[in-house]
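Throughout, read-outs are computed from the coordinates displayed, never taken from laboratory work. This one's a predicted model, so the numbers in the text were calculated from it and none came from an experiment. Backbone-built Cβ (ideal geometry, glycine too); neighbour counts: all protein chains shown.
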Amino acid sequence: MAKHELLRLLHQKHPVHAKDVAEQWDVTESGARASLHHLRRDGLVRQVWVLTDQGKARLAHFDAESCASPECALCRTEKQEEMLEWLFGH
Ligand SMILES: [Zn+2]
């Protein structure tokens, strides 16, 4: 695959996975990954962070059960909010 073709794909579809590139040009997934890393080294693409299926499952778990982290604004209860307000006021 030419760099031009790869750039075109990245422009049209994002995020692109190595698997997509491998399927499109019938190359191995590790070959596709190497091409993508090459573009990144040249500063032409950047990597994005996306949730894996495992990450989505963890999020669902945290949403349902709360994550038990005291600094998590998503899990703060109203009582804790009141306490913080009382402590720090504003
Ligand atoms: Zn949380």
For Val45, indicate whether it is touching a helix residue (DSSP H, G or I) at 6+ places or on another chain (Cβ under 6 Å) and free of Cβ contacts under 8 Å to residues at least 24 places away in the same chain. no
Output the residues belonging to region 71-80 that are closer than 22 Å to Leu59 by Cβ and among the charged types (D, E, K, R). Glu71, Arg76
Can you find a residue that is within 10 Å of the ligand (Cβ to nearest atom) and either surrounded by 10 or more Cβ atoms within 10 Å (Cβ to Cβ) or over 30 Å from His17 (Cβ atoms) (or both) anywhere in region 75-82? yes
Residue among Glu85, Glu71 that alone is within 16 Å of the ligand (Cβ to nearest atom) and either in a helix (DSSP H, G or I) or without any contact (Cβ under 8 Å) to a residue 12 or more places away in the chain (or both): Glu71
